[in-house]
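Engineer: Provided herewith is a single structure, encoded as structure tokens, for subsequent inquiry.
Please treat every number below as a calculation from the coordinates, not as lab data. In this text the structure is predicted, and so the values were computed from the model without any measurement. So basically every Cβ, Gly included, is an ideal-geometry build from the backbone, and we count neighbours across all protein chains shown.
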Amino acid sequence: MEKKNLMQIKDLIYVIRGQKVMLDQDLAQLYGIAVKRLNEAVKRNLKRFPEDFMFQLTNEEWLNLRSQIATSSLSYGGRRYNPFAFTEQGVSMLSSVINSEWAIDVNIGIMRAFVQLRHFINSQINITEELAQFRRLLMLHIDNCDNKFTNYDENIEHIIEVLNNLIEKPHKTKRIGF
């Protein structure tokens with residue numbers, strides 16, 4: 001899969017029930033098969049898909065997600081049931097039930113998208129930890145300074161205030177899912 005496709009796949013990963021998932025309809029489209037065929041393959045192999053690999057969205061989850069993504073209306077031949085959501089492990093397991101060269105290539109791209117997303121999240125956590133450590137060092141420095149450097153202390157306190165704001169309110173990133 002090329003980079004452009006990885007970016008498109010990342011847009012299809014949502015956070016539902018605290019897990020990064022992909023919907024059956026998006027996976028079927030990526031694999032080039034009908035949603036019905038994907039779900040039939042899964043149902044024939046249900047033992048491979050425990051709840052931590054796949055789950056069906058509740059009405060509330062589906063309505064909430066539908067407001068964020070374009071889906072067809074029920075009155076115009078759209079879905080009659082709530083979609084299935086596949087975790088990273090569930091998507092990986094799909095490669096064993098949908099066996100085609102195309103499905104294998106798509107699965108590799110999806111796994112890479114999940115890995116890149118995990119690396120991005122980890123890098124954000126590391127930045128926050130480094131800022132917190134920097135703040136602690138500055139606080140130690142201020143505590144050890146004499147009072148004769150008042151302007152110096154005020155400037156450092158301003159820096160600490162800015163760091164505190166960054167740590168407590170990290171910059172907004174694109175929200176995934178709901």
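Engineer: So for the pair Gln56, Glu130, with labels modelled 7 Å out along Cα→Cβ, what separation do we get in nm?
Structural biologist: Those two pseudo-labels are separated by 4.7 nm.
Engineer: List the residues whose amide H sits under 5 Å from the amide H of Ile16, counting only those 5 or more places along or on another chain, with H placed 1.01 Å from N in the peptide plane.
Structural biologist: Residues meeting the amide H criterion: Val21.
Engineer: Quick one: order Met111, Met54 by neighbouring beta-carbon count within 10 Å, fewest to most. Before the final figure, lay out each step's value.
Structural biologist: Working: Met111 16, Met54 21.
In order of increasing Cβ crowding within 10 Å: Met111, Met54.
Engineer: Rounded if a/c is under 1.5, else prolate if a/b is larger than b/c, else oblate: which is the stretch 3-120, with a ≥ b ≥ c the root eigenvalues of its Cα gyration tensor?
Structural biologist: Cα axes put the stretch 3-120 in the rounded bin.
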